[in-house]
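Trainee: One structure, pasted below without further comment.
Bear in mind these aren't lab numbers, they're just calculated from the coordinates by the rules spelled out. Please read these numbers as outputs of a predicted model, since none were measured by experiment. Neighbour counts are summed over all protein chains in view; Cβ atoms, including those assigned to glycine, are modelled from backbone coordinates with ideal geometry.
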Amino acid sequence: MNILITGGASGLGKSITLDLLKKSDHKVVFTYSMSVKSALEITTKFQNALAIKCDFTCVDEVDSLCEYIKDSEIDILINNAYQGGFISKHFNRTEIQDFRESFETNIIPTIKITQTVITVFKKKKFGKIITILSEALVNKSPIGTSVYSANKAYLKQLSKSWAVENVKFNITSNSVSPSFMQTNLTKDFDDRILEKMIDGHPLKELLQPKDVVDTINYLITATNHLNGVDILLNGGQNLK
């Protein structure tokens with residue numbers, strides 16, 4: 001499989017990239033922004049890896065990636081990249097500009113990349129789109145996450161649209177919504193809050209990147225009858 005993952009050199013994205021590269025028949029193209037050292041380490045270790053610098057705040061780099069995609073043989077797109085924090089300010093204290101800038105930084109590049117990939121998929125009559133979302137969209141969003149949650153909600157609806165519009169071309173679109181994990185996005189969380197979260201979790205443990213990686217691998221090999229689905233990984237905490 002030829003796989004493209006955005007934001008594949010750090011955090012959860014790096015865990016996904018490294019696991020996919022273990023299979024020699026996979027060619028994995030991953031984007032990175034600030035994680036130059038990590039990207040170099042990955043491409044040095046794996047011959048089936050290709051790193052492309054793509055800072056989502058740089059229009060030229062996003063457009064350059066799209067030009068690369070047009071001439072590629074991508075089979076799988078994993079929309080993972082997200083620039084910005086998880087928790088910021090309460091909604092009423094958040095500037096309108098913060099919403100606008102985050103939308104321009106995260107949503108517009110993802111739209112451009114996915115549109116380009118779908119064009120390639122249509123020619124091949126095959127393709128799978130997997131989008132990383134968040135448990136924050138289920139039940140109550142954590143306080144201070146209005147910008148992050150709004151972006152993820154937008155992507156969730158887009159993912160459904162991609163599923164409906166492209167199924168006739170043998171293209172599927174599914175998503176994964178992980179619960180809280182300790183990654184670069186959440187590294188500043190207070191230890192006391194983490195202890196409370198673990199204590200209140202049905203499994204008495206936090207979700208691990210490997211759990212998400214296993215789900216990604218399942219979606220890559222899943223039947224095309226699995227389409228338009230969001231897989232929630234939170235130990236059933238949303239059940240009432």
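Trainee: For the chain, calculate the relative contact order in percent as a whole number, restricting contacts to Cα pairs under 8 Å that are 6 or more residues apart.
Mentor: Rounded, it is 19 percent for the chain.
Trainee: Past the 23 Å Cα-Cα mark, which pairs from 27/128; 27/125; 22/210; 37/124?
Mentor: Long pairs (Cα-Cα over 23 Å): 37/124.
Trainee: At q = 0.16 Å⁻¹, what is the base-10 log of I(q)/I(0) for the chain according to the Debye formula with one equal point scatterer per Cα and no solvent? Please give it to two decimals.
Mentor: -1.23
Trainee: So what is the 222 nm mean residue ellipticity for the chain from helices alone, if each DSSP H run of at least 4 adds -39500 (n - 2.57) and you divide by all residues, rounding to the nearest 500 deg cm²/dmol?
Mentor: Result for the chain, helices only: -13000 deg cm²/dmol.
Trainee: Sketch the reach of a paramagnetic label on residue 206 as a point 7 Å from Cα along Cα-to-Cβ, and name the residues of the range 1-45 whose backbone nitrogen lies under 18 Å away.
Mentor: From the range 1-45, the list is 10-16.
Trainee: Filter the chain for me: DSSP H helices, axial length by Cα at least 15 angstrom, mean Kyte-Doolittle hydropathy not below -0.5. List them by residue number.
Mentor: Qualifying helices, which must be both long enough and hydrophobic enough, are 11-21, 59-70, 108-124, 209-221.
Trainee: If you take the charge dipole of the chain about its Cα centre, with +1 on Lys and Arg Cβ and -1 on Asp and Glu Cβ, which of 48, 155, 221 is farthest toward its positive end?
Mentor: So the residue furthest toward the plus end is 221.
Trainee: Apply the Karplus curve 6.51 cos²θ - 1.76 cosθ + 1.60, θ = phi - 60°, to the phi angles in the range 88-103 and return the couplings in whole Hz, x for Gly and Pro.
Mentor: Each residue's phi maps through the Karplus curve to give 10, 10, 4, 3, 5, 9, 8, 5, 4, 4, 5, 5, 4, 5, 5, 5 Hz.
Trainee: Could I ask something else about it? Which one, 98, 214, 63, has the greatest fluctuation when you compute a Gaussian network model over the chain with C-alpha springs under 10 angstrom?
Mentor: Comparing 98, 214, 63 in the GNM, the peak value goes to 98.
Trainee: Can you give the extra length, in nm with one decimal, that the chain gains between residue 73 and residue 53 once fully stretched, where that is 0.36 nm per residue apart less the Cα-Cα distance?
Mentor: Between residue 73 and residue 53, full extension yields an extra 5.3 nm.
Trainee: Compute the distance in nm between two label points, each set 7 Å from the Cα along the Cα-to-Cβ direction, one at residue 1 and one at residue 143.
Mentor: Output for this residue pair reads 4.1 nm.
Trainee: Work out how much length residue 103 to residue 165 would gain on full extension: take 0.36 nm times their residue separation and subtract the Cα-Cα distance, in nm to one decimal.
Mentor: Stretched out fully, the residue 103 to residue 165 stretch lengthens by 20.0 nm.
Trainee: Roughly speaking, what is the centre-to-centre gap between the range 88-124 and the range 28-66 when only Cα atoms are used, to the nearest Å?
Mentor: A separation of 19 Å, based on Cα centres.
Trainee: Taking N as the number of residues in the range 59-189, what is its alpha-carbon radius of gyration divided by 2.2 N^0.38 Å?
Mentor: 1.12
Trainee: Residue separation times 0.36 nm, minus the C-alpha to C-alpha distance between residue 93 and residue 22: what's the value?
Mentor: Length gained between residue 93 and residue 22: 21.0 nm.
Trainee: May I pose another question? Using 10 Å bins from zero, what percent of all Cα-Cα pairs in the range 1-54 falls into each bin?
Mentor: Percent of pairs per bin, in order: 30, 64, 7.
Trainee: Name the most mobile residue of 36, 212, 167, meaning the one with the largest mean-square fluctuation, in a Gaussian network model of the chain with Cα contacts below 10 Å.
Mentor: Evaluated over the chain, the most mobile residue of the options is 36.
Trainee: Based on Cβ point charges of +1 for Lys and Arg and -1 for Asp and Glu, what charge dipole magnitude is obtained for the chain about its Cα centre, in debye rounded to the nearest 20?
Mentor: With only Lys, Arg, Asp and Glu charged at Cβ, the dipole is about 560 debye.
Trainee: May I pose another question? What dipole magnitude, in Debye to the nearest 20, does the range 1-82 give about its Cα centre under +1 on Lys/Arg Cβ and -1 on Asp/Glu Cβ?
Mentor: 420
Trainee: Springs between alpha-carbon pairs under 10 angstrom, Gaussian network model over the chain: which of 180, 91, 99 fluctuates most?
Mentor: Among 180, 91, 99, the largest mean-square fluctuation in the Gaussian network model of the chain belongs to 91.
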